[in-house]
Amino acid sequence: MCSLGLHNPDSGVRCEIELGRGFTYMVEAGSPQGLDSLLEQLLHHPGTQIADNVGGTVSSINVLENIGLPAIYHRVEPRRALEREVLAVLAACGLDQAQAEALCRRRPGELGPFDKRLVGFVRSLLMSPDVLVYHRFLEGLTRGEMERAAALNEVYRARAPSGTAVYLQLRGMPVLEPACDRSCVT
């Protein structure tokens, strides 16, 4: 079984992430620097994508174009099939056709906190990640938005049953505890 060892240089604590078994992990760090170090280690593993708390979008293009940029650049998704695939993923995330199309036409500056995370999540999902990292994904959301954001992991699970999901968050943050198989406090 393949695993990925993470080490928080701030605390010296290590944790093991088993890959390819469909597990979801919660990894907490006591400082933003420790969290950034853990993220950097995860991103060194091939097939890792990040869904973070800011969305990571380009403000001058619409949401559909933002979602499609990496998939088109890396030739993961043909341009003609991209919109159809984005709408299918948004449907799996609970949006109806009209809501999904309206979201795709918007610019990043028009998005609220949850929608920014949703856009980043869908963009990451189109890259078919082996490891999906939710970096500070639930911070700054209302309780209802946290529940909706945590439910997105089920969409990842459906698309990548053996994939590994990792929630990276600061220790002590008042956030919803998503359903996880294993937890590690570093």
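No lab work stands behind these numbers, since they all come straight from the coordinates. From a predicted model like this one, the values you see are computed outputs, not experimental measurements. Please note: Cβ atoms are built from the backbone with ideal geometry, for glycine as well, and neighbour counts cover all protein chains shown.
Annotations for the structure displayed:
- Sorting 91-102, 128-139 by average packing, meaning the other beta carbons within 10 Å per residue, from highest down gives 128-139, 91-102.
- The stretch 27-65 and the stretch 147-183 have Cα centres separated by 14 Å.
- Low-density loop cleavage sites - trypsin sites (Lys or Arg not before Pro) in the stretch 29-105, where at most 10 other Cβ are within 10 Å (DSSP): R75
- Sites E40 and S162, calculated FRET efficiency, Cβ-Cβ separation with R0 30 Å, nearest 0.05: 0.80
- Charge context of G94, other residues only, Cβ under 14 angstrom, K/R +1, D/E -1: -3
- Expressed as a fraction of 2.2 N^0.38 Å, the value expected for a compact globular protein of N residues, the C-alpha radius of gyration of the chain is 1.00.
- Every helix of 4 or more DSSP H residues in the chain counts as -39500 (n - 2.57), and over all residues that averages to -13000 deg cm²/dmol at 222 nm.
- Partnerless cysteines in the chain, where a partner means another cysteine C-beta under 4.7 angstrom, comprise C2, C93, C104, C180.
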